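**Q** I have a structure I would like to understand better, so I am pasting it below and will then ask my questions one at a time.
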Amino acid sequence: MPAIPPVSKIADRPDPRHIWAPKWEVILARTLSLFALSACSSTPDSVETDEAGPESPFFQPSTTSAGTSEGFGMDQGIHFELLDPHDSNITTRHIRGVAINDFDRDGDQDIFLATYATRWIRREPDSHARPDGLYRNEGDLVFTPMAEQAFGSAIRTTAQAAAWGDLDGDGLDDLYVTTAVDRPNLLYRNRGDGTFEEIGRQVDVASTKFGRGIALADVNRDGYLDMYVSNFVANLTAFETNGKTEKPRRHPPLLGVRGCANHMFIHDSSGRYVDMAGAMGVEGLSDGEGWGAAFCDLNDDGYSDLFVTNDGRPDNFYVYRDGVFHDRSGQVLEKMIRRSRRTGAMGVALGDYDNDRDIDLYATNYYSDFLMENVNGVVLRRKSRESGIERFTNVIGMGVAFADFDNDGDLDLAVANGDVAGFDPVRNILMENVGGGCFVESTETAGPGFAALQRSQGLAIGDLDDDGKLDIVIGNDDGSFPSVLVNRTEGAGGWIRLRLVGNPPNTSAIGARVWLVAGDETQVRERRSGSSLYSCNENVIHFGLGEYTGLSLVKVRWPDGSFSEIEGVQARSTVTVAQP
């Protein structure tokens, strides 16, 4: 097997464009943007340690400076078109979660929207229920509403989060949805004919806790997908005052709201699930008020680790080893939170933003977001200040995703900002990766979809029009339509997209790690389901190539630990990769 070449050092880094700001701040913003770039070589603001996994079977960890190198630096300006909901037929409102997936396996990315009213319940839980939205992609950015046909009587819910994955091994992705206000979570089994059967109670995953986050992975490598659910509170009584359920008026940690244990639903191979959160050490904090959750192999040992955000409490970082999870939050995260003084973490994104071939972490926050650099699976180093993102994110961050929106070979960031009713609407943020571990805000030039003041929640990415550029769907909790942002970036680079098909029962190949070697550059991605906040990105692995037009090498480590590779993959192609 040929060795993967080392990552090249940085070539020239493009000059940043100015940061979005009111007119009187533009000059200052430009200065701060340049300062952020110059800070990339400064001393890190904090360092936390963790345990190392084994060395990669393909290469030694890179010790070079990584980023945009020659042939990968496009920097033509990322721009999105805001799709008219009446043209697309996507008209669901009051959205929390966004889950993108090709559920009917026709090659187009479809959209599920988890809906939830902005008003808190006073008397009757049914007043909160809203019809969820399922939209089948017909091509040409036209979608057909499918929820009533697909879900039948289960259509009206108090949905929060959603994630797709093949949970029964039949080759079709199923849908798990968390709910609020004492309603049971829902598991929709995909029948393959455009309809779904709700089986949550039958398989013991119909929790009535206030679930915020979902993450899927084959935790114990038995072939079946397991599900982690982070819970905010146990039930409506957490908000009750004098017999009435009151809407929170202040930051939740100040409310006296009681958190509750999270769920780790482990598949027992008979089609049912057992909640093993306590036995596996991932119940979370007793007052944790859980929000986002995501699985990711941060130490590259072939097993999924787990990151959980908690509102107003220390976040949880769990490393999987010997059948259980070990809480490394104290070593990894407490110093970061203590130095930041204030925290209310919400969403989480994972990706190799500095192209050093390991997975880094980003968390949105109630005050200012966190960017954590993964150093060879041993150290998580806070890079919020040096990367520039600390200056752009002093708002209430919610959903978030890493994605190469300009296909230049490095991962950019999109962040949905907002909160529930009663809080002022704000703008969402787009941050362009300009290499060297640095970001500049590109919100002002990103298009009208980023100009509106909204209370946004979930965010997910996917190529909705099959043009090789990643689009964005943002759920808004203020009664407005979802923001469907179509990527119209001019001069975007080449790309390769991979549809992974795993062996049954995990045909979704969730947990697979993929390396792409394009010339002298190596990129890494992971196939996951559930991240951001309430949301789930498309079921395709996407790589940007910049100006590289040659053939590429793809290597896959499948969820069971086996490997395969494909040589001679052409640029601007979508390839199906089946596990041997």
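A short reminder: the numbers here are calculations on the coordinates, not readings from a lab. Every value quoted in this text rests on a predicted model; they were computed, and no experiment measured them. Quick reminder, even Gly has a Cβ in these numbers, built from the backbone with ideal geometry, and neighbours come from all protein chains shown.
**Q** Show the residues, 5+ positions off or on another chain, whose built amide H is closer than 5 Å to the amide H of V219.
**A** HN-HN under 5 Å from V219: D226.
**Q** In whole Hz and in residue order, list the ³J(HN,Hα) couplings for region 92-99 that follow from phi through the Karplus curve 6.51 cos²θ - 1.76 cosθ + 1.60, θ = phi - 60°; x for Gly and Pro.
**A** 3J(HN,Hα) across region 92-99, in whole Hz: 5, 10, 6, 9, 9, x, 10, 10.
**Q** What does the highest-first list of 431-441, 217-227, 489-499, 361-371 look like by mean Cβ count within 10 Å?
**A** Highest mean packing first, the order is 431-441, 361-371, 217-227, 489-499.
**Q** Let me ask something else. Taking a quarter of the surface of the convex hull around the Cα atoms of region 418-474, what do you get in nm²?
**A** For the Cα atoms of region 418-474, the hull's average projected area reads 5.0 nm².
**Q** By what distance, in whole Å, do the Cα atoms of region 147-238 stretch along each of the three principal axes, largest value first?
**A** Taking max minus min along each principal axis of the Cα atoms, region 147-238 gives 40, 35, 19 Å.
**Q** Once phi is turned into θ = phi - 60°, what whole-Hz ³J(HN,Hα) does the Karplus curve with 6.51, -1.76 and 1.60 give for every residue of region 544-559, x standing for Gly and Pro?
**A** For region 544-559, the Karplus-derived couplings read x, 10, x, 8, 5, 10, x, 7, 10, 10, 10, 10, 10, 9, 6, x Hz, x marking Gly and Pro.
**Q** Enter the Cα centre distance for the pair region 472-536 and region 436-461, rounded to the nearest angstrom.
**A** Centre-to-centre (Cα) distance: 17 Å.
**Q** Now a separate question. Over every pair of different alpha-carbon atoms in region 361-402, take the mean of 1/r and invert it; report that Kirkwood radius in Å.
**A** The Cα-based Kirkwood calculation yields 10.6 Å.
**Q** Related question: Using only the Cα atoms, what convex hull volume per residue in Å³ does region 510-566 have?
**A** 89
**Q** Would you work out the charge dipole size for region 453-553 about its Cα centre, treating the Cβ of every Lys and Arg as +1 and the Cβ of every Asp and Glu as -1, and quote it to the nearest 20 debye?
**A** Dipole size: approximately 400 debye.
**Q** For V274, V473, what ranking results if the residue with the fewest other Cβ atoms within 10 Å of its Cβ goes first?
**A** On the way: V274 12, V473 29.
The order, fewest Cβ neighbours first, is V274, V473.
**Q** State the percent of C-alpha pairs, over all pairs in region 438-537, separated by a distance greater than 17 angstrom.
**A** I get 66 percent for the Cα pairs in region 438-537 exceeding 17 Å.
**Q** Now, a different point. With unit charges on the beta carbon (Lys/Arg positive, Asp/Glu negative), name the residue among V434, G479, A403 whose Cα is farthest towards the positive pole of the charge dipole of region 391-486.
**A** Farthest along the dipole direction, towards plus: G479.
**Q** A further question follows. Any chance you could tell me what percent of the C-alpha pair distances in region 369-520 go past 20 Å?
**A** The proportion of pairs with Cα distances above 20 Å equals 56 percent.
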